[in-house]
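Participant: Quick one: this structure, given as structure tokens, is what I'll be asking you about.
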Amino acid sequence: MDIAPPSPAPALMAAPAPTCHNTSCRERPLVQWRRRLTVAEIEQELALEQQRRADRYELRDVQKPPPIEGPMPTGEDFVRAVLACGPHAIDIDAAALVHAADCPGPDSPTLPACGCTPEPEPEPEPVAAPELPAHWKTPTAGSN
């Protein structure tokens, strides 16, 4: 009785490494910023979410109430990452903001500008100062 040696496992293909957003540049990205989705991208994301919800409904326990789903996401719920190498990157202040869906991204003649007006930075949440116990004293100016 001959026992055949096990066949080698098929080699897994590595996922392609991300590259710069500039179509002619194949450098590895060093920076990233976010942009809103286009109408077509939002429709695609909503179709995926609808399919996920339908799949969950099909897999539900029929002896229990149906799953309760929240509202469908909107365009404000999604952003896409834009990657860039060092020479094709926007400046750090602009990268901290969310850009418009139609943002053309950095254009070599205008770098580090991107050609769109990013969304304003969100207002920080007000933080209430904690109340100290009555027997604690806070330092005043000129006292040690």
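Participant: Could you tell me whether D102 is exposed (fewer than 10 other Cβ atoms within 10 Å of the Cβ), part of a loop (DSSP other than H, G, I, E, B) and not hydrophobic (A, V, I, L, M, F, W, C)?
Facilitator: Values: exposed (fewer than 10 other Cβ atoms within 10 Å of the Cβ): no; part of a loop (DSSP other than H, G, I, E, B): yes; not hydrophobic (A, V, I, L, M, F, W, C): yes.
No; evaluated as a whole, the condition is false for this residue.
Participant: Take the stretch 76-88 and flag every residue that is assigned to a helix (DSSP H, G or I) and either under 13 Å from the mean Cα position of the chain (by Cα) or among the polar types (S, T, N, Q) (or both). Explain how you work it out, then say what you get.
Facilitator: So the first thing to find is which residues in the stretch 76-88 are assigned to a helix (DSSP H, G or I), and the list is 76-77, 86-88.
Within the stretch 76-88, E76, D77 qualify.
Participant: Go through the residues of the stretch 22-30 one by one and say whether even a single one is in contact with a helix residue (DSSP H, G or I) (Cβ under 9 Å, 6 or more places away or on another chain), of a type in the set (A, V, I, L, M) and in a helix (DSSP H, G or I).
Facilitator: Within the stretch 22-30, not a single residue is in contact with a helix residue (DSSP H, G or I) (Cβ under 9 Å, 6 or more places away or on another chain), of a type in the set (A, V, I, L, M) and in a helix (DSSP H, G or I).
Participant: Oh, and also: Taking Y57 and the conditions (1) in contact with a Pro (Cβ under 7 Å, 6 or more places away or on another chain); (2) surrounded by fewer than 12 Cβ atoms within 10 Å (Cβ to Cβ); (3) part of a loop (DSSP other than H, G, I, E, B), which numbered condition does it fall short on, given that it satisfies the others?
Facilitator: Here Y57 clears every test but (3).
None of the figures in this text is laboratory data; all of them are computed from the coordinates on show. What you see is a predicted model; the values in this text were computed from it and never measured. Positions of Cβ are backbone-derived with ideal geometry, glycine not excepted, and every protein chain shown enters the neighbour counts.
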